[in-house]
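Since the structure comes first, as structure tokens, the remarks are kept for the end.
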Amino acid sequence: MSREVQIRLKVERKKLRSERSKGYGLAPPSRGKIKRTKKMKTFTNAKNGKAGFSLVELTIIVVILGVLAMMGVPRYQKVVERAKAAEAFTYLAQIESAQERHKARTGQYAKAMSELETSVSSPEHFNAGSITSYNWQTQWELRVNRRGASSGFGAYSVAWGPGGFQRYRSSIHTDLLPVP
């Protein structure tokens, strides 16, 4: 090689080294680590000018969060609705207990809520019906109906009697049952 060609190669190498050290052009090959160069567009911190995340990285994060939300929101709604259904079961169990006490005193079940000696407050998310029966000495039933929207489960009711929860007379979805 001629002296002139050697000088040109030397100058080109120095120029390439200086460009790499300033961050222009392609980053030198590394061992598993990705180096950012000044050509990569990133969001920067205005105070100190340090590079932030690239648009591709932010897009990937948004997609991941979207997938997680897509899986998590229905589960969250189901848990919230199950808690609201548990309110109905608690209310009805307290009414059953008051009915049993009333029957022990009088020999028959109460025909109205006002006859029960209890301070059970009405459920917040349900409308309580009236107590019904065809034989007040052996049987009674109280049904509560879901008030308002129920986040994907529609309107449903829960029926209760002397034996507890009456599945065959209720329209509550099985996923919302707090009891097996």
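Rule-based calculations on the coordinates, nothing more; no lab input. A quick note: this is a predicted structure, and the numbers were derived from the prediction, not measured. Quick reminder, even Gly has a Cβ in these numbers, built from the backbone with ideal geometry, and neighbours come from all protein chains shown.
Listed values, structure above:
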{"quantity": "Around Glu81: net Lys/Arg minus Asp/Glu count, Cβ-Cβ under 14 Å", "calculated": "+3"}
{"quantity": "Rg to Rh, two decimals, where the range 81-176 supplies the alpha carbon set and Rh follows Kirkwood", "calculated": "0.98"}
{"quantity": "Local electrostatic count, Phe153, Cβ distance below 12 Å [Lys/Arg +1, Asp/Glu -1]", "calculated": "+2"}
{"quantity": "Cα gyration tensor, the range 139-180 - rounded (a/c under 1.5), prolate or oblate", "calculated": "oblate"}
{"quantity": "Normalised contact order of the range 81-176, rounded percent, pairs of Cα under 8 Å and 6 or more residues apart", "calculated": "25"}
{"quantity": "R0 of 25 Å, Cβ-Cβ distance Glu57-Lys15: FRET efficiency to nearest 0.05", "calculated": "0.20"}
{"quantity": "Rough spin-label spacing in nm, given labels placed 7 Å along Cα→Cβ, for Glu87 and Asp175", "calculated": "2.0"}
{"quantity": "Average Cα contact separation per residue, the range 56-131, under 8 Å, 6 or more apart, as relative contact order %", "calculated": "26"}
